[in-house]
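The values are calculated or read from the model by the stated rules, or taken from the named source; none is laboratory data. From a predicted model like this one, the values you see are computed outputs, not experimental measurements. Glycine gets a Cβ as well: all are built from the backbone with ideal geometry, and neighbour counts include every protein chain shown. Areas reflect the complete protein model, heavy atoms only, side chains present, ligands, DNA and RNA absent. Shrake-Rupley method; radii C 1.70, N 1.55, O 1.52, S 1.80 Å.
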Amino acid sequence: MSTPVPRNKVAQWIEYRLPVFSWMNHNLTDFPEPKNLNYWWNFGSLAGIMLVWQIVTGIVLAMHYTPHVDMAFDSVERIMREVEWGWLMRYAHMNGGSMFFAVVYIHIFRGLYYGSYKSPREILWWLGIVLLFLMMGAAFTGYVLPWGQMSFWAATVITNLFSAIPWIGGGVVEWLWGGFGVDNPLLNRFYALHYLLPFIIVGVVILHIWALHHRRSNNPLGIDIKSAKDTIPFHPYYTIRDMFGMGAMLFVLFVFVFFVPNMLGETINYVEANPLQTPSHIVPEWYFLPYYAILRAIPDKLGGVIAMLVSILVLFILPWLDTSKVRSARFRPIYKQLFWVFLADCIVLGWVGAQPAEGVYIVISRICTAYYFAHFLIIMPILGKLERPRPLPESIHEAVLKKRGPAQPAAAMEKH
Amino acid sequence: MRRLIAAASAALVLGLAGLTPAAFAATEGGALPHTDFPHVGIFGKYDQPALKRGLQVYREVCAACHGLKYIAFRNLVALGLGNDEAKAIAEGYQIPDGPNDEGEMFERPGRLSDHFPNPFANEKAARASNNGANPPDLSLVTKGRDGHEGYIYAILTGYEEPPADFALGEGMAYNKYFPGHQIAMPPPLSDGQVTYEDGTEASVANMAHDVVTFMAWAAEPELEERKAVGLKVLIFIGLLTAVLYAINVRVWSRVT
């Protein structure tokens, strides 16, 4: 990789003092990426775009929002009605949260399918899990801010989970509330945290990309980059592909923003919070439903909270639970099937999380919760030992050529 | 790529299916009788004459008990009223204000910048006058109830004689669609209750349709602008994405 000296005099002056141009060149232009990445590798950049999207729309909303229990709901309605394009900013932020989670979940499942968590990318993977936790915190604190019925009761249910901690639980909950119930102190601190967390996310994203650029992207074959022939520069190949991905994602996002802005929300959140009236059933946003199902599947409160936490924490040790030497599911005939079973299990958990906790739904949620943990704790360790992986290709370059077939004048173009 | 397109179109189909609020309709009392409002749907716009008639029903019937706090009199211009008409409506209300230079609170006629006042001084007063129930503000009811417009319409038209074995509380009414069927609001509409200027028959069904359309507007005054802007945005982003895809294919054709 060359480090070109900028031609512009001003740029040279800057470069001499702070090498931003060679830094950008290294990380954004010449950066070597595997040349066989498929479209599932778009979702990391899409998550980054959604983070910026949420911060920009969020800051605009913060300029008009009032974090006080008597005024929060009214101030949101004021944004919707009086602020120029306020409805657009709010719907973009509200649905942007869902879009963010959607692309991040796809990004995570991409990692699970192609074994992107395996050596030497464990810390990259951990940072991703940290980002997921931070996002959940940001989403939850944000959901409370409009101070609708579901905001209030979601805050009540979730903060009460901490009361499950033995001995000190009650004290912890009062400390979180800043009082003896969900009230103004909680709304104030949630607002502060909701503004803070995205910037912590930005920091961890920088670490995430640092780790990524240090050990490079995984690829659909799951084999290492062996020579320069296996790679292509980030620009223009992945810049244009990421721009296309952004267009496609924004199209989907805008369908929701402009035409069904409240489809993913709870109707009752358009009723102002009322501490004296509990909604008939309390459900979280769709992106929390699988965890909610796990929480409710365990008959014991503390056990449920632990299971819910462990359902994500288990991802930290996944690089060692998975004993297979092969990264990509393409070459793992059995894991390839079980991946889809696991995905289906998560979707069923999400569905059952939206149902009332009664009758057959409890049975389904328990079976799916058991399978969720079995997938990581039993299937992954054993499968890696038993499964006979298909032979791996020699190199990325060779596999790409083979895929294109002999009809392509590959040899002629290989000169450069 | 094909998989991605499939996933994206599935998301779109889901989205479009959700355009009908009736998809999430409350089921108590059976299917909702009327959910087909012209403003529902991708290109749906408010039925303008119904909006105006709905304002009349709200003012002459509902406003006796229900507030409309998020709507200012100036907003009524969006219903096709002239500035003078909106001003005249505002002046028909007495708005508490003050203190004046003597330190006294006083009432004055409404201005365009005022919002519809609540008919009751506070929640306690509202409950005292309404058999213990607090009539909800109507600015967000179509947005804040499962079943949306269809549910509000069903409530307005769903009054019946209670079944023989139903124990109805003192001063309560029986409504087919209300959760639990016992509702504190007496049947609000009866045939011929208002006199429409445009000659529309003031049947319960028509008045309910009109006032629900009006409430939908009060909840989402931005709806028409939102859909119109949305269409332009989708056309733009759709074309841009197609161009980006074409460039993408072109650039990648160089790769061996």
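Residues of region B:120-157 falling in the label zone of A:Asp74, defined by backbone nitrogen less than 19 Å from a point 7 Å along Cα to beta-carbon, are B:120-126, B:135-141.
Between B:Gln182 and B:His34, what's the calculated FRET efficiency when r is the beta-carbon distance and R0 is 25 Å? Round to 0.05. Before the final figure, lay out each step's value.
Working: r = 23 Å, r/R0 = 0.91.
That gives a FRET efficiency of 0.65.
Rounded to the nearest Å, what's the spacing between the alpha carbon centres of region A:13-68 and region A:149-222? Just the number, please. What the calculation gives is 23 Å, centre to centre. Against chain B, whose longest principal axis comes from its Cα atoms, helix B:48-60 is set at around 30 degrees. The long axis of helix A:360-374 is offset from the longest Cα principal axis of chain A by roughly 40 degrees. Between B and A, buried accessible area from a 1.4 angstrom probe totals roughly 4400 Å², ignoring ligands, DNA and RNA. Think of the protein assembly as shown as having a plus end and a minus end, set by charges on the Cβ of Lys, Arg, Asp and Glu; of A:Trp87, B:Ala133, A:Tyr113, A:Tyr113 sits farthest toward the positive end of this dipole.
Which longest run of chain B has no exposed loop site in it, a site being GluC sites (Glu not before Pro) in a DSSP loop with at most 11 other beta carbons within 10 Å, and the site itself not part of the run? Present the calculation step by step, with values, prior to reporting the outcome.
On the way: sites that count: B:Glu102, B:Glu104, B:Glu170, B:Glu197, B:Glu201.
By the stated rule (loop sites, at most 11 other Cβ atoms within 10 Å), B:1-101.
Against the 2.2 N^0.38 Å scaling, with N counting residues, where does chain A land? I'd like the Cα-based Rg ratio to two decimal places.
On the way: Rg = 24.0 Å, N = 416, 2.2 N^0.38 = 21.8 Å.
Chain A yields a ratio of 1.10.
Taking amide H atoms as placed 1.01 Å from N in the peptide plane, the amide H of A:Glu33 lies under 5 Å from those of A:Ile232, A:Phe234, each 5 or more residues away in sequence or on another chain. Accessible surface of region B:57-110, 1.4 Å probe: 48 percent of it comes from carbon and sulfur atoms.
Apply 1/(1 + (r/R0)^6) to the Cβ-Cβ distance of A:Arg7 and A:Thr323, taking R0 = 51 Å, and write down the FRET efficiency to the nearest 0.05.
The pair A:Arg7/A:Thr323 has a calculated efficiency of 0.45.
Taking a ≥ b ≥ c as the square roots of the eigenvalues of the alpha carbon gyration tensor, region B:172-239 is oblate, as a/c is not under 1.5 and a/b does not beat b/c.
Note down the net charge around A:Leu124, summing +1 for each Lys or Arg and -1 for each Asp or Glu among other residues with Cβ under 11 Å from its Cβ. Working shown, then result.
Values: positive: A:Lys118, A:Arg121, A:Arg215, A:Arg216; negative: A:Glu122.
Combined, the nearby Lys, Arg, Asp and Glu give +3.
Other residues within the sphere of radius under 12 Å centred on the Cβ of B:Phe166, judged by their own Cβ, net out at -2 (K and R +1, D and E -1). Once each of the chymotrypsin sites (Phe, Trp or Tyr not before Pro) sitting in a DSSP loop with at most 16 other beta-carbon atoms within 10 Å is removed, chain A keeps A:181-416 as its longest stretch.
With Rg and the Kirkwood Rh both taken from Cα atoms, where does Rg over Rh land for region A:354-393? Present the calculation step by step, with values, prior to reporting the outcome.
Details: Rg = 16.1 Å, Rh = 12.5 Å.
Looking at region A:354-393, the ratio lands at 1.29.
Amide H contacts of B:Lys69: B:Leu138, B:Ser139, each under 5 Å away and 5 or more positions distant or on a separate chain (H built 1.01 Å from N in the peptide plane; Pro and chain starts excluded). So for the pair A:Asn160, A:Ile123, with labels modelled 7 Å out along Cα→Cβ, what separation do we get in nm? Reported label-point gap for A:Asn160 and A:Ile123 is 4.3 nm.
No solvent, one uniform scatterer per C-alpha: report log10 I(q)/I(0) for chain B via the Debye equation at q = 0.08, 0.10, 0.11, 0.13 1/Å, two decimals. Normalising to I(0) and taking log10 leaves -0.44, -0.64, -0.73, -0.93. Using the Stokes-Einstein relation with a Kirkwood hydrodynamic radius computed over Cα pairs, the translational diffusion coefficient of region A:280-380 at 10 °C and a viscosity of 1.306 mPa s comes to 111 µm²/s. The label-point distance for A:Leu343 and A:Arg388, in a model that sets each label 7 Å from Cα toward Cβ, rounds to 2.7 nm. Principal-axis analysis of the Cα atoms of chain B puts helix B:204-219 at an angle of about 60° to the longest axis.
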